[in-house]
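Presented below is the structure to which this report refers.
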Amino acid sequence: MSGSHLDSVTAGPGINDNGSGSAAILETALAVSRAAFQPAKHLRFAWWGAEELGMVGSKYYVNQLATADRAKIAGYLNFDMIGSPNPGYFVYDDDPTIEQTFKDYYASKGISTA
């Protein structure tokens, strides 16, 4: 599953926080559709509201899922502020396996992560 939030804050450029993340996962979903890709597992794309107020939309979504449906989500990738001209690469997760996979990939490309 991948997701991104749709709201922004008045103090920042909404095009980056978080128009960039929202546009990226939309384009990914469209590319998968255009390619008629048939994944082995179900792909789920989500756009959240009220992230800036405390991740209200995503928390509501997860809390409304039945336990069996929640168990079907093997991993979640969140895309937030990915269009900055001065990027930082932040990799963090509750599951150290997927976190280490991304850290190893970035390290192989010479990119440091926070």
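Among the listed residues Tyr92, Tyr76, identify the single one that is in the same structural domain as Asp7 (by TED's automatic domain parsing), closer than 28 Å to Val9 by Cβ, modelled with pLDDT under 95 and of a type in the set (Phe, Trp, Tyr).
Among Tyr92, Tyr76, only Tyr76 is in the same structural domain as Asp7 (by TED's automatic domain parsing), closer than 28 Å to Val9 by Cβ, modelled with pLDDT under 95 and of a type in the set (Phe, Trp, Tyr).
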Item to complete: Pairs only if they're at least six apart or on different chains, beta carbon under 7 angstrom, first in segment 67-83 and within 20 Å of Gly21 (Cα to Cα) and in contact (Cβ under 8 Å) with a residue 24 or more places away in the chain, second part of a helix (DSSP H, G or I) and hydrophobic (A, V, I, L, M, F, W, C); list them, first residue then second.
Response: Gly75/Ile98; Phe79/Ala24; Phe79/Ile25; Ile82/Ala24
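Being closer than 22 Å to Tyr106 by Cα, modelled with pLDDT under 95, out of contact with any helix residue (DSSP H, G or I) (no Cβ under 7 Å at 6 or more places or on another chain) and loosely packed, with under 12 Cβ neighbours inside 10 Å: is that true of Pro39 here?
On the way: closer than 22 Å to Tyr106 by Cα: no; modelled with pLDDT under 95: yes; out of contact with any helix residue (DSSP H, G or I) (no Cβ under 7 Å at 6 or more places or on another chain): yes; loosely packed, with under 12 Cβ neighbours inside 10 Å: yes.
Here the answer is no, as Pro39 does not meet what is asked.
The values are calculated or read from the model by the stated rules, or taken from the named source; none is laboratory data. If you're wondering where the values come from, they're calculated on a predicted model, not measured in any experiment. Backbone-built Cβ (ideal geometry, glycine too); neighbour counts: all protein chains shown.
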